[in-house]
1. Which numbered condition in (1) farther than 26 Å from L105 by Cβ; (2) surrounded by fewer than 20 Cβ atoms within 10 Å (Cβ to Cβ) is the only one that S260 fails?
2. So for segment 163-174 (the condition being assigned to a helix (DSSP H, G or I), surrounded by fewer than 13 Cβ atoms within 10 Å (Cβ to Cβ) and without any contact (Cβ under 8 Å) to a residue 24 or more places away in the chain), does at least one residue qualify?
3. I'd like to verify a number: residues in segment 263-287 that are out of contact with any helix residue (DSSP H, G or I) (no Cβ under 6 Å at 6 or more places or on another chain), farther than 10 Å from T225 by Cβ and surrounded by 24 or more Cβ atoms within 10 Å (Cβ to Cβ), how many?
4. Checking G160 against (1) modelled with pLDDT of 95 or more; (2) farther than 30 Å from K123 by Cβ, only one condition comes out false. Which one?
5. Considering P210, P221, P198, which residue is crowded, with 24+ Cβ neighbours inside 10 Å, assigned to a loop (DSSP other than H, G, I, E, B) and without any contact (Cβ under 8 Å) to a residue 60 or more places away in the chain?
6. Do you know which residues across segment 94-118 are surrounded by 14 or more Cβ atoms within 10 Å (Cβ to Cβ) and touching a strand residue (DSSP E or B) at 6+ places or on another chain (Cβ under 8 Å)?
7. When segment 175-195 is examined, which residues are found to be more than 20 Å from I83 (Cβ to Cβ) and either surrounded by 12 or more Cβ atoms within 10 Å (Cβ to Cβ) or of a type in the set (K, R) (or both)?
8. Kindly evaluate K177 against the criterion of being under 16 Å from the mean Cα position of the chain (by Cα), among the basic types (K, R) and within 18 Å of R266 (Cβ to Cβ).
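The values are calculated or read from the model by the stated rules, or taken from the named source; none is laboratory data. Model, not experiment: these values are computed from the prediction. Note that each Cβ is placed from the backbone with ideal geometry, even for glycine, and that neighbours are counted across all protein chains shown.
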Amino acid sequence: MDVRRTHSPIFVRNKFNLYIQRNLFCCWLFIALANLCRAQTDTAIAPVPVIADTFRTVVSDSMPAAPDSLIQYKLNGAFFKSIFSDAAYVVSRPAHWQGKDFRNLGIVLGTTGALVLADKEIKRIVQRNQSPFVNSVANVVEPFGNRYSPYIMAGMFVVGAAVKNPELKNTALLTFKSYAIATSLYLVTKSMIRRNRPAYTDNNIDFHAPFSNDRYHTSFPSGHTLTVMTLATAVSEAYGKEHRWVPWVAYGIAGLTGVSRIYHNRHWASDVWVGAALGYFVTRSVFKNNRVKKKLGGLEVVWR
């Protein structure tokens, strides 16, 4: 049976390049928010610390960080510069990992390996157990991946500006930062690991050469899951300790979104798991780095 031909209508309905659309949307969104920020003055808010250009301090991973304190950013040059410093921190972390970091890596890799072995069976079970109710649930939660999440990020910033809530604005900016870094790593990974989507093959180990342009081999990892997990982790990091229900709701929606991608036969289960792990750990790292910066008075941090 020609699997590609059989499933080609699925691809036709979704043939617009979601990854290009997402990046173009983010560029437009940053420009729009920048204009909004320039038109607004927060006269009731005390000056916020920014990352200094000339002062540097060296810290280690063992240094305790203030758990509930974050740098308060504004949408300006210092914020955009901080994206690069945080990206450098995220990328350089493996060279400084300690015991628990290698434990987490082992959990991620071990679970990924187990899911790869089970991918075909998971696909078979899910596709044979479709129902109208599950269809309706999946259709509701799936857009949280690439459609709703960017609007939620923008909405957080706009609402924070409208009600003069600097914490909400700052959470939006940190979410954007995490999203930009995670998406960059995701695009590099997807370009290198060219895995065929389950809609077009029953072979879960069907890979093409790195950087090939085959439109079918774009399955690994799941971008929808990465996006919604980034948002869920950022919101949980900012509000989870104060409002215990926030992580349950945020991660619940993120998890259902990932499952919906398996249900709709867009991704293998292992694609979804890796996308979720990437969004989660990148966002946690960004928030950790910014908490340490805050504790050190907004100085640029050099980790060792």
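1. (2)
2. No, segment 163-174 contains no residue that is assigned to a helix (DSSP H, G or I), surrounded by fewer than 13 Cβ atoms within 10 Å (Cβ to Cβ) and without any contact (Cβ under 8 Å) to a residue 24 or more places away in the chain.
3. Adding up the residues that qualify gives 0.
4. Of (1) modelled with pLDDT of 95 or more; (2) farther than 30 Å from K123 by Cβ, only one is false for G160: (1).
5. Details: P210 fails: crowded, with 24+ Cβ neighbours inside 10 Å; P198 fails: without any contact (Cβ under 8 Å) to a residue 60 or more places away in the chain.
Criteria check complete, one pass: P221.
6. Those that are surrounded by 14 or more Cβ atoms within 10 Å (Cβ to Cβ) and touching a strand residue (DSSP E or B) at 6+ places or on another chain (Cβ under 8 Å): none in segment 94-118.
7. Step one: filter segment 175-195 for residues more than 20 Å from I83 (Cβ to Cβ), giving 190-195.
Those that are more than 20 Å from I83 (Cβ to Cβ) and either surrounded by 12 or more Cβ atoms within 10 Å (Cβ to Cβ) or of a type in the set (K, R) (or both): K190, S191, I193, R194, R195.
8. Details: under 16 Å from the mean Cα position of the chain (by Cα): yes; among the basic types (K, R): yes; within 18 Å of R266 (Cβ to Cβ): no.
Against the criterion (under 16 Å from the mean Cα position of the chain (by Cα), among the basic types (K, R) and within 18 Å of R266 (Cβ to Cβ)), K177 does not qualify.
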